[in-house]
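Okay, so here's the structure we're looking at.
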Amino acid sequence: MANKPKTTDRERDGVTRRGFISTVGAGALGAATVGTSRAEAVPEITAPEAMVQIGLTINGRIHRLLVEPRWTLLFTLRERLGLTGTKVGCERGECGACTVLINGQPRYACMTLAVEAEGSQITTIEGLMDGEALGDVQQAFVNEDAFQCGYCTPGQIMAAEGLLQANPSPSTEEIRKGMSGNLCRCAAYHHIVRAVDSAADGRREGDDR
Amino acid sequence: MFPRFSHARPTDLQAALALLEQASGRIHAGGTDLLGCLHDGVLTADTLVSLSNIAELKGISPSTENGLRIGAMTPIGAVAAHAGIRSTYSALAQAASVVANPPLRSQGTLGGNLCQKTRCWYYRGDFPCLRKGGDHCFAFEGENQHHAIFGGEGCYMVHPSDTAPALAALGATCRISGGGSSRSVPVDQFLMPALVDPQRETVLEPTEILTEILLPPAPPGLRSSYRKIRSRQAWDFALAGVALALQFDGNVVRSARVFLSGAAPMPWRAQGAEAVITGNSLNAQTITKAAAAAVEGAEPLQHNGAKVALFEGLVAESLETMG
């Protein structure tokens, strides 16, 4: 719905550096108890401030790390793993800047808890690169000038990648619908649709060779 | 960053139920609505009990009654893409395919879509409204362009689900587990009227879990559809929507179920329209009368009078497409 009244005093209690260090310290103890409870029928509920140990498979590599249950995948990717290609936008599932692939499907990293992503294959924009070379969808966005400020672009490219994995030959209408979860405030939509179309063409030509 | 909470991710239903008993937790299904509510402070949670690792709650398979069983944790996108649902229960496939957008459909679940909170801007904003323990509905005399034209008793929200009206039209049933037993509730009785309990959207007890949705076998001659009108063409909730499930005998409609979305605090059964259609063929006269009957008795608020004409046109168009 449009015209929402703004929340004036929304609490945005980000993790402070001091608080972060103290929770990491506390987490080592908490994690030790978690590990043993996993195999039991009813898993133990960890204390809210405790850190839990998880393994995240990101761009084909397993990262083992301690996380707070409340950490989103977005926060964890950027602030714990340094994968800053995934962008912070609305943090409430309304813009798509944080889109990543989870098991090949586009998902909002801001609406996914890190603890919920365990056991899934996660692909970020960094995972589309081949060394320093751009992936084909990235290159198509450059070729078609499919951005202005570029902030939404990593999310747009991940949405396009997910769309093309599911549907290698999307129609213009299918591209528009497939990309509808990603907003571009610069409104580069026409160019974005063209870039996705061009990336699809490129893949089909590649297959024909 | 969300306020702190504990989190558990059991691998079977009994463990999840046990956790709900001991921890009075909130259920995390896909998380798309829950996390938004936690982010905005609409809800608080000490403990999240996630159902995402419970295989038995996912998937679509034939039911023992020759219908279809859909696990409550099945992603909405999987419901939209399922060949059997697309061919036999079109209303559900069409409804699922217009929920939100691709990322939210691959994360959000069918069960979660039935259990989601209202998008009313007063509920989501800093207003102590009836649903949050306050004493009145701010929409009644406030900004109510998107609000109810039917069934507003105390609360004038509209239920945001697209799949609920489709499932209600198709006569689907919710299976619920908890408290050592399980029970069945028809989808059209799954949501809680505000007059009974404004602080609960569904009939679920705090220790219960919606486990599956059962579609009855499709009767011969069943045709169904769902269509919604949005303020923009993609990624929006229904301003007005209609789910139809009609059983045809030749050209004549033998039985009809018509449910509106975006009209009331729950999928609104348009019994007047059903009565006009039943026993008739869908000719122009029947359609005009049925569309008028669908909005008879509507009580629009100050700013949503347009919805009455919108629904009338939508019902007429949907019936024309079906005939």
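The values are calculated or read from the model by the stated rules, or taken from the named source; none is laboratory data. Just so we're clear, the structure is a prediction, and the values are computed from it rather than from any experiment. Because the Cβ atoms are built from the backbone with ideal geometry, glycine has one as well, and the counts that use them run over all protein chains shown. Accessible surface is based on the protein model in full, side chains and every heavy atom, while ligands, DNA and RNA are left aside. Shrake-Rupley method; radii C 1.70, N 1.55, O 1.52, S 1.80 Å.
Would you confirm, using the coordinates I've provided, whether residue B:195 is surrounded by 22 or more Cβ atoms within 10 Å (Cβ to Cβ) and not acidic (Asp, Glu)?
So residue B:195 fails the test.
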Of the residues in the stretch B:20-36, those that are more than 7 Å from every other protein chain (Cβ to nearest Cβ), surrounded by fewer than 18 Cβ atoms within 10 Å (Cβ to Cβ) and in a helix (DSSP H, G or I) number 2
Screening B:109, B:118, B:88 for residues that are among the β-branched types (Val, Ile, Thr) and more than 14 Å from chain A (Cβ to nearest Cβ) leaves only B:88
Restricting the stretch A:58-110 to residues that are at positive phi, away from chain B (no Cβ under 13 Å) and in contact (Cβ under 8 Å) with a residue 24 or more places away in the chain, the one surrounded by the most Cβ atoms within 10 Å (Cβ to Cβ) turns out to be A:59
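Looking only at residues that are polar (S, T, N, Q) and under 16 Å from residue B:295 (Cβ atoms) in the stretch B:223-276, which one is most open to solvent (accessible area, probe 1.4 Å)?
Let us first name the residues in the stretch B:223-276 that are polar (S, T, N, Q), namely B:224-225, B:231, B:233, B:247, B:251, B:255, B:261, B:271.
Pick out the ones that are also under 16 Å from residue B:295 (Cβ atoms) and you get B:261, B:271.
Numbers: B:261: 4, B:271: 118 Å².
Of everything passing the filter in the stretch B:223-276, B:271 is most open to solvent (accessible area, probe 1.4 Å).
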When residue A:19 is run through (1) at pLDDT below 50; (2) open to solvent by less than 50 Å² (accessible area, probe 1.4 Å); (3) at the interface with another protein chain (Cβ under 10 Å from one of its Cβ atoms), the failure sits at (3)
Checked the stretch B:158-189 for anything in contact with a strand residue (DSSP E or B) (Cβ under 8 Å, 6 or more places away or on another chain) and β-branched (Val, Ile, Thr); matches are B:158, B:173, B:176, B:185, B:187
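Taking the condition more than 10 Å from chain B (Cβ to nearest Cβ) and surrounded by 19 or more Cβ atoms within 10 Å (Cβ to Cβ), does residue A:113 pass?
For residue A:113, the condition - more than 10 Å from chain B (Cβ to nearest Cβ) and surrounded by 19 or more Cβ atoms within 10 Å (Cβ to Cβ) - is not met.
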Scanning the stretch B:59-76 residue by residue, those in a helix (DSSP H, G or I) and either surrounded by fewer than 22 Cβ atoms within 10 Å (Cβ to Cβ) or not assigned by TED's automatic domain parsing to the domain that holds residue B:172 (or both) turn out to be none
Just one listed residue, out of B:274, B:320, B:299, is charged (D, E, K, R) and touching a residue at least 60 places away in the same chain (Cβ under 8 Å), and it is B:299
Only one of B:104, B:68, B:43, B:17 is facing chain A (nearest Cβ under 9 Å) and not β-branched (Val, Ile, Thr), namely B:104
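Does residue B:247 satisfy the criteria of being touching a residue at least 24 places away in the same chain (Cβ under 8 Å), at negative phi and either in the same structural domain as residue B:279 (by TED's automatic domain parsing) or not β-branched (Val, Ile, Thr) (or both)?
Numbers: touching a residue at least 24 places away in the same chain (Cβ under 8 Å): yes; at negative phi: yes; either in the same structural domain as residue B:279 (by TED's automatic domain parsing) or not β-branched (Val, Ile, Thr) (or both): yes.
For residue B:247, the condition - touching a residue at least 24 places away in the same chain (Cβ under 8 Å), at negative phi and either in the same structural domain as residue B:279 (by TED's automatic domain parsing) or not β-branched (Val, Ile, Thr) (or both) - is met.
Mind checking which residues of the stretch B:168-177 are under 13 Å from residue B:72 (Cα atoms), in contact with a helix residue (DSSP H, G or I) (Cβ under 9 Å, 6 or more places away or on another chain) and either crowded, with 24+ Cβ neighbours inside 10 Å or not polar (S, T, N, Q) (or both)? I'd like the intermediate steps shown before the answer.
Just the residues of the stretch B:168-177 that are under 13 Å from residue B:72 (Cα atoms), to begin with: B:172-177.
Now drop any that are not in contact with a helix residue (DSSP H, G or I) (Cβ under 9 Å, 6 or more places away or on another chain), which leaves B:172-174, B:177.
Across the stretch B:168-177, the qualifying residues are B:172, B:174.
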The condition from (1) within 14 Å of chain A (Cβ to nearest Cβ); (2) closer than 16 Å to residue B:297 by Cβ that residue B:239 misses is numbered (2)
